[in-house]
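The values are calculated or read from the model by the stated rules, or taken from the named source; none is laboratory data. Bear in mind the structure is a predicted one, so any value in this text is a computation, not a measurement. No Cβ is skipped: glycine too gets one built from the backbone with ideal geometry, and neighbour counts run over all protein chains shown.
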């Protein structure tokens, strides 16, 4: 089972901006190993072919001590990104503390 089931597959990774694919794959693999909440960013294309930044938040759901599924959200953050510092770090991710 993978975070954001269906989104973590290699076919879905090809939809990401080419510069974000490797970091996103690495983040998704780390989240799967750690089994705890995480957030990361990547760029997805629009219908017009332009890329927009999305923040991904994902968390595991456990029942009786076992992982049963992942839940998550993709949030369009393009308008929030107004500094070049954030834009220079594609595929940023981190595990949330206290999980």
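The residues of the range 35-53 that are in a loop (DSSP other than H, G, I, E, B) and closer than 20 Å to residue 78 by Cα, listed by number, are 46, 47, 48, 49, 50. Out of the residues in the range 2-34 that are out of contact with any helix residue (DSSP H, G or I) (no Cβ under 8 Å at 6 or more places or on another chain), surrounded by fewer than 14 Cβ atoms within 10 Å (Cβ to Cβ) and in a loop (DSSP other than H, G, I, E, B), which is modelled with the highest pLDDT? Going through the qualifying residues, I end up with 15. Within the range 38-64, the only residue that satisfies the criterion of being at pLDDT below 90 and farther than 22 Å from residue 11 by Cβ is 39.
Could you count how many residues in the range 55-84 are over 21 Å from residue 28 (Cα atoms) and either within 12 Å of the chain's Cα centre (by Cα) or surrounded by 13 or more Cβ atoms within 10 Å (Cβ to Cβ) (or both)? Before the answer, list the steps.
Step one: of the range 55-84, the residues over 21 Å from residue 28 (Cα atoms) are 63-65, 78-84.
Next, from what is left, pick out any that are either within 12 Å of the chain's Cα centre (by Cα) or surrounded by 13 or more Cβ atoms within 10 Å (Cβ to Cβ) (or both): 78, 81.
So the count comes out to 2.
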